[in-house]
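S.K.: Dumping the structure here so I can ask a few things about it.
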Amino acid sequence: MWFAGPARLVPEAGRPSAQRLGFHLEPGLRVGLFGGSFNPAHEGHAHVAETALRRLELDKVIWLVSPQNPLKSTHETRPLAERLAGARQWARGAGMVVSDAETRLGSQYTIDTLRVLRARFPGVKFVWIMGADSLATFHRWRGWTQIMREVPVAVISRPWIALKARTSPAARRFAFARRPASEASILADATAPAWVYLTGPLNYASSTALRKRQTKG
């Protein structure tokens, strides 16, 4: 079976900086959480966030710029301030928020972030947002089965990865919880585990390709 180990609760979440996340959410809001390194952010990320905002009928999408992806080496990751600035360039519109909440919370893993935010903002209807490329490797995330049971999940199609994503360990493990795309607008109201896979026009931008071009330049 697929198991990446249990997730721990973040002990640092009570420190003073964790009390100031840079945003406030009222009960009843429908909020998408879009996490990633954004190393660098690009139009493909904007496409995922905007698709989720529209198709899921969300009030906000919060771009959670991670301090460091545990699955990537530190020398590959640009400084946090640079990645935050890049995300702000692409997170356009009143419904988009860019945050370093995970750094403030001392959170390294998504499951920790979700638990803290749900406790901090009771009554907010959270949805985790990811591209299909992330679903393909989701079974490598710490506490991935717990994430699926914590909040509904929306997966947005990405180029060249559809078959691998749809047949991934996570997709197969939670096949029983997949909802049709026609129910995307009510996903935020669903009880986890529940997830949708949304297809549509594809955006071919990628962080890897951008980094390679910038290195050559």
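The values are calculated or read from the model by the stated rules, or taken from the named source; none is laboratory data. Predicted model, so just to flag it, every value in this text is computed and none were measured. All Cβ positions, glycine included, derive from the backbone under ideal geometry; neighbour counts span all protein chains shown. These accessible areas exclude ligands, DNA and RNA; they are computed on the full protein's heavy atoms, side chains included. Shrake-Rupley method; radii C 1.70, N 1.55, O 1.52, S 1.80 Å.
S.K.: Take ALA192 and decide whether it is of a type in the set (Gly, Ala, Ser), part of a loop (DSSP other than H, G, I, E, B) and within 18 Å of the chain's Cα centre (by Cα). Quick ask: steps written out before the conclusion?
M.R.: Numbers: of a type in the set (Gly, Ala, Ser): yes; part of a loop (DSSP other than H, G, I, E, B): yes; within 18 Å of the chain's Cα centre (by Cα): yes.
Judged against the criteria, ALA192 is a match.
S.K.: Could you please give the count of residues in segment 173-189 that are among the hydrophobic types (A, V, I, L, M, F, W, C) and either modelled with pLDDT under 95 or assigned to a loop (DSSP other than H, G, I, E, B) (or both)? Before you say what the answer is, go through the steps one by one.
M.R.: At the first step, the residues of segment 173-189 found to be among the hydrophobic types (A, V, I, L, M, F, W, C) are 174-177, 181, 184, 186-188.
Narrowing further to those that are either modelled with pLDDT under 95 or assigned to a loop (DSSP other than H, G, I, E, B) (or both): 174.
Final tally of qualifying residues: 1.
S.K.: Identify the single condition in (1) at pLDDT below 95; (2) open to solvent by less than 40 Å² (accessible area, probe 1.4 Å); (3) touching a strand residue (DSSP E or B) at 6+ places or on another chain (Cβ under 9 Å) that THR199 does not satisfy, given that it satisfies every other one.
M.R.: Status for THR199: all satisfied but (2).
S.K.: If you don't mind, another one. So the check is Cβ under 9 Å with 6+ separation or different chains; which pairs have a first residue in segment 84-95 that's under 19 Å from ASP59 (Cβ atoms) and of a type in the set (A, V, I, L, M, F, W, C) and a second one that's part of a helix (DSSP H, G or I) and open to solvent by less than 20 Å² (accessible area, probe 1.4 Å)?
M.R.: Note: pairs meeting the criteria are ALA91/ALA46; ALA91/ALA49.
S.K.: Just the residues that are touching a helix residue (DSSP H, G or I) at 6+ places or on another chain (Cβ under 6 Å), among the hydrophobic types (A, V, I, L, M, F, W, C) and either touching a residue at least 60 places away in the same chain (Cβ under 8 Å) or open to solvent by 10 Å² or more (accessible area, probe 1.4 Å) (or both), please, taken from segment 163-189. Reasoning before the result, please.
M.R.: The initial filter retains those residues of segment 163-189 that are touching a helix residue (DSSP H, G or I) at 6+ places or on another chain (Cβ under 6 Å), namely 164-165, 168-170, 174, 184.
Retained after the next criterion (residues that are among the hydrophobic types (A, V, I, L, M, F, W, C)): 165, 170, 174, 184.
Passing the criteria: ALA170, ALA184.
S.K.: Right, another one. Please enumerate the residues belonging to segment 142-162 that are out of contact with any Leu (no Cβ under 7 Å at 6 or more places or on another chain), under 23 Å from ARG30 (Cα atoms) and crowded, with 16+ Cβ neighbours inside 10 Å.
M.R.: Within segment 142-162, TRP144, THR145, GLN146, MET148, VAL153 meet the criteria.
S.K.: Collect the residues in segment 153-170 that are assigned to a helix (DSSP H, G or I) and more than 16 Å from the chain's Cα centre (by Cα), keeping them in residue-number order.
M.R.: The answer is ALA162, LEU163, LYS164, ARG166, PRO169.
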